[in-house]
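Asks: Sharing a structure here in C-alpha coordinates format.
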Amino acid sequence: MTAMFKRLRNALFALTVQLSFTALAATPNTASAASSAKYTPKYIKRQVVLQLNCNSYVYDRYGNRMPWFNGLYAPHGYLKEDSYVYTTRNRIERTDKDVRYFTLFTKYHATKYNYCFVGKKYWLPYKKINGHYFYYIGYGVYIKARNVSFINDMPQYSNGEKAMVDETSYPFTFNSKTKKITHPKIKYKKGDYIVVDGLRQFTANNGLVFWDADQPVYAHLKGTGHGNTGTYIYIGDLRDKDTDIFYWDPELESHPKYRINLIDID
(Lines give C-alpha, C1' and ligand atoms only; values in the text may rest on other atoms or scores of the structure.)
Protein backbone atom coordinates (compact mmCIF):
# COMPACT_ATOMS: atom_id res chain seq x y z
CA MET A 1 0.00 0.00 0.00
CA THR A 2 2.84 2.33 0.90
CA ALA A 3 4.66 1.61 -2.39
CA MET A 4 1.46 2.29 -4.35
CA PHE A 5 0.99 5.59 -2.53
CA LYS A 6 4.56 6.65 -3.35
CA ARG A 7 4.12 5.82 -7.04
CA LEU A 8 0.88 7.79 -7.14
CA ARG A 9 2.50 10.75 -5.37
CA ASN A 10 5.47 10.76 -7.76
CA ALA A 11 3.19 10.56 -10.78
CA LEU A 12 1.09 13.49 -9.56
CA PHE A 13 4.24 15.53 -8.87
CA ALA A 14 5.64 14.85 -12.34
CA LEU A 15 2.33 15.78 -13.97
CA THR A 16 2.08 19.01 -11.96
CA VAL A 17 5.60 20.13 -12.90
CA GLN A 18 5.11 19.17 -16.53
CA LEU A 19 1.92 21.22 -16.74
CA SER A 20 3.72 24.16 -15.12
CA PHE A 21 6.47 23.98 -17.74
CA THR A 22 3.97 23.73 -20.58
CA ALA A 23 2.07 26.79 -19.40
CA LEU A 24 5.21 28.80 -18.79
CA ALA A 25 6.66 27.94 -22.18
CA ALA A 26 3.73 29.77 -23.76
CA THR A 27 4.54 33.02 -21.91
CA PRO A 28 8.32 33.59 -21.96
CA ASN A 29 7.93 37.28 -21.09
CA THR A 30 7.12 36.26 -17.53
CA ALA A 31 9.65 34.80 -15.11
CA SER A 32 9.62 31.27 -16.44
CA ALA A 33 11.78 28.25 -17.06
CA ALA A 34 10.92 28.07 -20.74
CA SER A 35 12.94 27.35 -23.87
CA SER A 36 12.80 29.28 -27.13
CA ALA A 37 14.65 29.38 -30.44
CA LYS A 38 14.66 33.19 -30.35
CA TYR A 39 16.19 35.76 -28.04
CA THR A 40 13.99 38.75 -27.29
CA PRO A 41 15.72 41.48 -25.25
CA LYS A 42 12.49 42.84 -23.75
CA TYR A 43 11.98 39.50 -22.00
CA ILE A 44 15.17 39.72 -19.95
CA LYS A 45 14.29 42.67 -17.74
CA ARG A 46 14.75 41.21 -14.25
CA GLN A 47 15.21 37.76 -15.79
CA VAL A 48 18.23 35.59 -16.58
CA VAL A 49 18.26 34.07 -20.06
CA LEU A 50 20.73 31.34 -21.02
CA GLN A 51 21.78 30.26 -24.50
CA LEU A 52 22.96 26.67 -24.94
CA ASN A 53 26.15 25.59 -26.71
CA CYS A 54 24.95 22.01 -27.22
CA ASN A 55 21.91 19.82 -26.74
CA SER A 56 21.22 19.74 -23.01
CA TYR A 57 19.26 17.35 -20.81
CA VAL A 58 17.64 18.56 -17.61
CA TYR A 59 18.27 17.18 -14.13
CA ASP A 60 16.77 17.17 -10.65
CA ARG A 61 18.54 18.49 -7.55
CA TYR A 62 20.32 15.16 -7.07
CA GLY A 63 21.86 15.21 -10.56
CA ASN A 64 19.48 12.61 -11.99
CA ARG A 65 18.22 13.07 -15.52
CA MET A 66 14.48 13.74 -15.56
CA PRO A 67 12.89 11.22 -17.95
CA TRP A 68 9.42 12.76 -17.71
CA PHE A 69 10.85 15.81 -19.46
CA ASN A 70 10.98 13.84 -22.72
CA GLY A 71 8.85 15.34 -25.45
CA LEU A 72 8.07 18.58 -23.59
CA TYR A 73 10.02 20.87 -25.94
CA ALA A 74 11.32 18.40 -28.51
CA PRO A 75 10.73 14.76 -29.39
CA HIS A 76 14.32 13.97 -28.37
CA GLY A 77 13.68 15.02 -24.77
CA TYR A 78 16.35 17.68 -24.43
CA LEU A 79 16.80 21.40 -24.90
CA LYS A 80 18.27 22.06 -28.32
CA GLU A 81 21.67 23.55 -29.10
CA ASP A 82 21.58 27.37 -29.57
CA SER A 83 18.12 27.63 -27.98
CA TYR A 84 17.39 30.15 -25.21
CA VAL A 85 16.31 29.12 -21.73
CA TYR A 86 14.18 31.72 -19.93
CA THR A 87 14.84 30.94 -16.29
CA THR A 88 12.96 31.98 -13.16
CA ARG A 89 16.11 33.69 -11.84
CA ASN A 90 16.09 37.47 -11.89
CA ARG A 91 19.74 38.60 -11.86
CA ILE A 92 23.41 37.75 -12.15
CA GLU A 93 25.77 38.84 -9.38
CA ARG A 94 28.95 40.92 -9.33
CA THR A 95 32.00 39.00 -8.09
CA ASP A 96 35.78 39.19 -7.77
CA LYS A 97 36.14 35.53 -6.80
CA ASP A 98 37.75 32.84 -8.95
CA VAL A 99 34.43 31.20 -9.84
CA ARG A 100 34.28 28.28 -12.27
CA TYR A 101 32.01 29.99 -14.78
CA PHE A 102 31.47 33.72 -15.23
CA THR A 103 30.71 36.49 -17.70
CA LEU A 104 32.11 39.96 -18.30
CA PHE A 105 30.07 43.13 -18.67
CA THR A 106 32.41 45.06 -20.97
CA LYS A 107 32.32 48.74 -21.79
CA TYR A 108 34.68 51.15 -23.51
CA HIS A 109 36.75 53.23 -21.12
CA ALA A 110 38.90 56.19 -22.13
CA THR A 111 41.27 58.36 -20.10
CA LYS A 112 43.82 60.98 -21.07
CA TYR A 113 46.55 58.38 -21.48
CA ASN A 114 44.71 55.15 -22.10
CA TYR A 115 42.00 53.70 -24.33
CA CYS A 116 40.74 50.24 -23.49
CA PHE A 117 37.80 47.95 -22.78
CA VAL A 118 37.05 47.30 -19.13
CA GLY A 119 35.17 44.18 -18.08
CA LYS A 120 33.32 43.78 -14.80
CA LYS A 121 33.00 40.19 -13.66
CA TYR A 122 29.58 38.67 -12.98
CA TRP A 123 28.36 35.15 -12.34
CA LEU A 124 25.18 33.18 -12.03
CA PRO A 125 25.55 31.16 -8.80
CA TYR A 126 25.70 27.46 -9.58
CA LYS A 127 25.43 24.26 -7.58
CA LYS A 128 27.96 21.44 -7.67
CA ILE A 129 26.28 18.04 -7.86
CA ASN A 130 28.19 14.77 -8.22
CA GLY A 131 31.28 16.64 -9.42
CA HIS A 132 29.44 18.68 -12.07
CA TYR A 133 28.31 22.32 -12.04
CA PHE A 134 24.62 23.02 -12.60
CA TYR A 135 22.48 26.11 -13.08
CA TYR A 136 19.05 26.11 -11.48
CA ILE A 137 16.54 27.27 -14.10
CA GLY A 138 13.37 26.99 -12.02
CA TYR A 139 10.69 24.59 -10.78
CA GLY A 140 13.10 21.95 -9.52
CA VAL A 141 15.00 21.74 -12.80
CA TYR A 142 18.76 22.11 -13.42
CA ILE A 143 20.98 22.13 -16.52
CA LYS A 144 24.75 21.69 -16.71
CA ALA A 145 26.55 25.03 -16.56
CA ARG A 146 29.07 23.75 -19.09
CA ASN A 147 26.30 23.59 -21.69
CA VAL A 148 25.75 27.37 -21.57
CA SER A 149 27.47 29.71 -24.04
CA PHE A 150 25.77 33.05 -23.24
CA ILE A 151 24.18 34.58 -20.14
CA ASN A 152 21.86 37.47 -20.98
CA ASP A 153 23.58 37.68 -24.37
CA MET A 154 27.07 37.97 -22.79
CA PRO A 155 29.63 35.17 -23.40
CA GLN A 156 30.20 32.75 -20.56
CA TYR A 157 33.85 32.03 -19.68
CA SER A 158 35.58 29.16 -17.89
CA ASN A 159 38.26 29.82 -15.26
CA GLY A 160 40.24 26.74 -16.30
CA GLU A 161 40.23 23.88 -18.80
CA LYS A 162 42.21 20.65 -18.53
CA ALA A 163 44.40 19.57 -21.45
CA MET A 164 46.93 16.82 -22.06
CA VAL A 165 50.41 17.58 -23.41
CA ASP A 166 50.71 15.78 -26.74
CA GLU A 167 54.45 16.18 -27.26
CA THR A 168 57.46 17.31 -25.24
CA SER A 169 57.05 21.02 -24.52
CA TYR A 170 59.20 23.72 -22.94
CA PRO A 171 57.03 26.58 -21.59
CA PHE A 172 58.22 30.14 -21.00
CA THR A 173 57.39 32.81 -18.41
CA PHE A 174 56.37 36.39 -19.13
CA ASN A 175 56.72 39.21 -16.56
CA SER A 176 54.31 42.07 -17.21
CA LYS A 177 56.38 44.55 -15.16
CA THR A 178 59.72 44.00 -16.90
CA LYS A 179 58.10 43.04 -20.22
CA LYS A 180 60.60 40.20 -20.49
CA ILE A 181 60.27 36.57 -21.46
CA THR A 182 62.40 33.97 -19.67
CA HIS A 183 62.80 30.25 -20.23
CA PRO A 184 62.83 28.36 -16.93
CA LYS A 185 64.04 24.78 -16.76
CA ILE A 186 60.56 23.30 -17.02
CA LYS A 187 59.63 20.44 -19.32
CA TYR A 188 56.30 18.78 -19.88
CA LYS A 189 56.28 15.27 -21.32
CA LYS A 190 53.63 13.66 -23.47
CA GLY A 191 50.83 12.47 -21.23
CA ASP A 192 51.21 15.24 -18.64
CA TYR A 193 48.05 17.19 -17.81
CA ILE A 194 47.83 20.94 -17.30
CA VAL A 195 45.04 23.45 -16.62
CA VAL A 196 44.89 26.60 -18.74
CA ASP A 197 42.81 29.71 -18.05
CA GLY A 198 43.53 32.06 -20.96
CA LEU A 199 45.02 32.50 -24.43
CA ARG A 200 47.59 35.02 -25.68
CA GLN A 201 49.84 35.82 -28.62
CA PHE A 202 53.32 37.35 -28.47
CA THR A 203 55.60 39.01 -31.01
CA ALA A 204 59.04 37.40 -30.88
CA ASN A 205 60.45 37.90 -27.35
CA ASN A 206 59.32 41.44 -26.58
CA GLY A 207 56.19 40.39 -24.69
CA LEU A 208 53.81 42.64 -26.60
CA VAL A 209 50.42 41.17 -27.38
CA PHE A 210 49.73 40.85 -31.09
CA TRP A 211 46.50 39.20 -32.19
CA ASP A 212 47.02 38.00 -35.72
CA ALA A 213 46.07 34.83 -37.56
CA ASP A 214 49.70 34.27 -38.56
CA GLN A 215 51.06 34.43 -35.00
CA PRO A 216 51.21 31.35 -32.74
CA VAL A 217 48.83 31.14 -29.79
CA TYR A 218 49.95 30.25 -26.27
CA ALA A 219 47.89 28.98 -23.34
CA HIS A 220 48.36 30.52 -19.88
CA LEU A 221 48.89 27.95 -17.12
CA LYS A 222 46.40 28.49 -14.30
CA GLY A 223 47.93 29.56 -10.99
CA THR A 224 51.22 30.85 -12.45
CA GLY A 225 50.47 34.57 -12.27
CA HIS A 226 47.86 37.33 -12.41
CA GLY A 227 46.91 39.35 -15.46
CA ASN A 228 49.25 38.57 -18.33
CA THR A 229 52.13 37.59 -16.03
CA GLY A 230 52.67 33.86 -15.87
CA THR A 231 53.84 30.72 -17.63
CA TYR A 232 52.71 29.90 -21.16
CA ILE A 233 52.76 26.80 -23.31
CA TYR A 234 52.38 26.58 -27.09
CA ILE A 235 48.84 25.46 -27.86
CA GLY A 236 50.09 23.25 -30.67
CA ASP A 237 51.83 21.06 -28.07
CA LEU A 238 48.49 20.16 -26.49
CA ARG A 239 46.16 17.36 -27.55
CA ASP A 240 43.70 18.43 -30.24
CA LYS A 241 40.86 16.57 -28.53
CA ASP A 242 41.19 18.96 -25.56
CA THR A 243 42.04 22.24 -27.31
CA ASP A 244 39.20 21.79 -29.82
CA ILE A 245 36.82 22.51 -26.94
CA PHE A 246 38.18 26.02 -26.20
CA TYR A 247 40.16 27.12 -29.28
CA TRP A 248 39.95 27.16 -33.02
CA ASP A 249 42.22 28.59 -35.70
CA PRO A 250 40.94 32.13 -36.48
CA GLU A 251 41.46 31.45 -40.19
CA LEU A 252 38.70 28.84 -40.04
CA GLU A 253 35.11 30.04 -40.32
CA SER A 254 33.82 27.78 -37.54
CA HIS A 255 34.69 24.79 -35.42
CA PRO A 256 31.95 22.25 -34.61
CA LYS A 257 33.58 21.08 -31.35
CA TYR A 258 34.24 24.55 -29.90
CA ARG A 259 32.03 25.19 -26.85
CA ILE A 260 33.97 26.80 -24.02
CA ASN A 261 35.32 30.37 -23.92
CA LEU A 262 38.64 31.24 -22.33
CA ILE A 263 39.76 34.82 -21.73
CA ASP A 264 41.90 36.44 -24.42
CA ILE A 265 44.72 37.90 -22.34
CA ASP A 266 45.90 41.40 -23.29
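The values are calculated or read from the model by the stated rules, or taken from the named source; none is laboratory data. All values reported here derive from a predicted model rather than from experimental measurement. Every residue, glycine among them, receives a Cβ derived from its backbone with ideal geometry; neighbour counts consider all protein chains shown. Calculation scope for accessible area: heavy atoms of the full protein, side chains included, ligands and nucleic acids excluded. Shrake-Rupley method; radii C 1.70, N 1.55, O 1.52, S 1.80 Å.
Asks: For region 122-266, report the accessible area per residue in Å² (1.4 Å probe, heavy atoms, rounded to an integer).
Replies: Using a 1.4 Å probe on heavy atoms only, each residue of region 122-266 averages 53 Å².
Asks: If you rank Y62, Y188 by how much accessible surface each has, with a 1.4 Å probe, what is the order from largest down?
Replies: Largest accessible area first, the list is Y62, Y188.
Asks: Give me the number: length gained by fully extending V195 to T106, i.e. 0.36 nm times residue separation minus the C-alpha to C-alpha distance, one decimal in nm.
Replies: Extra length from V195 to T106 when fully extended: 29.5 nm.
Asks: Based on the mean of other beta carbon atoms within 10 Å per residue, what is the order of 189-200, 169-180, 137-148, most packed first?
Replies: 137-148, 189-200, 169-180
Asks: Show the residues, 5+ positions off or on another chain, whose built amide H is closer than 5 Å to the amide H of F150.
Replies: Q51, Q156
Asks: Here is the link list: K128/K162; K189/K257; K121/K189. Which ones come out longer than 29 Å on Cα distance?
Replies: The answer is K121/K189.
Asks: Further question on the same structure: At a 1.4 Å probe, what is the % contribution of carbon and sulfur to the accessible area of region 118-166?
Replies: Carbon-and-sulfur percentage of accessible area, whole number: 48.
Asks: Taking R0 as 51 Å, what's the FRET efficiency between R91 and D240 from their Cβ-Cβ distance, rounded to 0.05?
Replies: Efficiency computed from Cβ-Cβ geometry: 0.85.
Asks: Report the full-extension gain for the segment K128 to E253: residue separation times 0.36 nm, less the Cα-Cα distance, to one decimal in nm.
Replies: Answer, rounded to one decimal: 41.5 nm.
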